[in-house]
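**Student:** Attaching a single structure in structure tokens format; questions to follow.
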Amino acid sequence: MTNWKNDQEYMSYVEDLMETPEVKLLGEFVQHYHSTRLQHSIDVSYLSYKLAKKIKGDAKATARAGLLHDLFYYDWRDTKFASGSHAYMHPRVAVDNALKITELNKVERDIILKHMWGATLAFPKYRESYVVTLVDKYCAIKEGLFPSLKKLSAKFTFNRKTTTVEETTI
């Protein structure tokens, strides 16, 4: 993936948000075991922005909402809510937190609120919302599962001559 920091158009959309203490604080939270919430949010934001441009969607709203979609400050593995699951609650928390640092248009609000579609029943209204929703799932799998699979596969080597799998030492 192209370095997002060198993409002038992308940076023009999100630089103000990246400079806020609220977004920077996301770097202190683990998201999917192998990444921080900040890195996850940047990955979702930048890939979603690129896809929104390809489909001639609202790239700015997609980039900004992608960055803010997980703007919450608790460990989602530990925190429980009386009024709903993390999948249901954290988009609402993220919208509330985002509104403290910026205005949200209707597309940005929908992106953030509906990005857990699949885990929740809240259908996205805009194609940009579907983009962020799908990219979020892709990034979560990439961040959480692929490093674990890579580590597991490093334990094994494939012997082509005997077509057997042999365990190696770590």
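**Student:** Can you say whether S129 is in contact with an Asp or Glu (Cβ under 6 Å, 6 or more places away or on another chain), among the small types (G, A, S), at pLDDT 55 or above and surrounded by 11 or more Cβ atoms within 10 Å (Cβ to Cβ), as far as the supplied structure shows?
**Tutor:** Yes.
**Student:** Any idea which of (1) within 14 Å of D136 (Cα to Cα); (2) modelled with pLDDT of 95 or more is the one A61 doesn't satisfy?
**Tutor:** Looking at each condition in turn, A61 falls short on (1).
**Student:** If you go through region 107-134, how many residues are closer than 14 Å to T62 by Cβ and either in a helix (DSSP H, G or I) or of a type in the set (D, E) (or both)?
**Tutor:** Result for region 107-134: 15.
**Student:** I'd like to verify a number: residues in region 20-32 that are loosely packed, with under 13 Cβ neighbours inside 10 Å and either touching a strand residue (DSSP E or B) at 6+ places or on another chain (Cβ under 6 Å) or not in a helix (DSSP H, G or I) (or both), how many?
**Tutor:** Number satisfying all stated conditions: 1.
**Student:** I would also like to ask the following. Of everything in region 7-19, what is within 14 Å of L104 (Cβ to Cβ) and surrounded by fewer than 16 Cβ atoms within 10 Å (Cβ to Cβ)? Give them in sequence order.
**Tutor:** Matches in region 7-19: D16 only.
**Student:** For E143, work out the one condition from (1) among the charged types (D, E, K, R); (2) modelled with pLDDT of 70 or more; (3) in a helix (DSSP H, G or I); (4) exposed (fewer than 13 other Cβ atoms within 10 Å of the Cβ) it doesn't fulfil.
**Tutor:** Only one criterion is unmet by E143, namely (4).
**Student:** May I ask you to list the residues in region 44-60 that are over 12 Å from Y10 (Cα atoms) and surrounded by 22 or more Cβ atoms within 10 Å (Cβ to Cβ)?
**Tutor:** V44
**Student:** Looking at (1) closer than 11 Å to L67 by Cβ; (2) in contact (Cβ under 8 Å) with a residue 12 or more places away in the chain, which is the only condition E15 fails?
**Tutor:** Every condition holds for E15 apart from (2).
The values are calculated or read from the model by the stated rules, or taken from the named source; none is laboratory data. The structure presented is a predicted model; accordingly, all values stated were derived computationally and were not measured. Positions of Cβ are backbone-derived with ideal geometry, glycine not excepted, and every protein chain shown enters the neighbour counts.
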